[in-house]
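These notes are about the structure you will find just below.
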Amino acid sequence: MNKESFIFSGLIIKEEKGYSSLCLDVDVASQGDTVNEAKTNLIEAVELYIESAIENNLPIIRSVPAVENPHTNRANDVVETFNMNVDFQVKIYA
């Protein structure tokens, strides 16, 4: 049986101190002292957001508004762009 899978876009932005990270598909952000820490923290934050959205019947996809997308307004500060693979698994039980 195949699981539904989605690919969300993430990016890391160099800040004055450390790095911020943003998932463009669900408008969730995090941060870290290093690129790797910012990425790891973002993946955790996206997972928690999706779990909470499902539990509370909220929309999962809510993209970053175009005017706030760092690719357009902070392109020189973007140090990495990456994909996050998101698997949704449905469990049925009684």
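The values are calculated or read from the model by the stated rules, or taken from the named source; none is laboratory data. Predicted, not measured: the structure shown is a model, and the values here were computed from it. A quick note on method: Cβ atoms are made from the backbone with ideal geometry, for glycine too, and the neighbour counts reach across all protein chains shown. In case anyone asks, the SASA skips ligands and DNA or RNA and just uses the protein heavy atoms, side chains included. Shrake-Rupley method; radii C 1.70, N 1.55, O 1.52, S 1.80 Å.
The helix-based estimate of mean residue ellipticity at 222 nm for the chain, built from -39,500 (n - 2.57) per DSSP H run of four or more residues and divided by its residue count, is -8500 deg cm²/dmol to the nearest 500. Within the accessible area of the chain, the carbon and sulfur atoms contribute 49%, probe 1.4 Å, all protein chains present. Per residue, region 5-83 exposes 61 Å² of accessible surface when a 1.4 Å probe is rolled over the protein heavy atoms with every protein chain present. Axis of helix 35-55 versus longest Cα principal axis of the chain: the two differ by about 30°, to the nearest ten degrees.
Taking Lys and Arg as +1 and Asp and Glu as -1, the other residues whose beta-carbon sits under 13 Å from that of A53 total -4. Quick check: from the Cα gyration tensor, does region 11-81 come out rounded (a/c under 1.5), prolate or oblate? Because a/c hits 1.5 or more and a/b fails to exceed b/c, region 11-81 counts as oblate.
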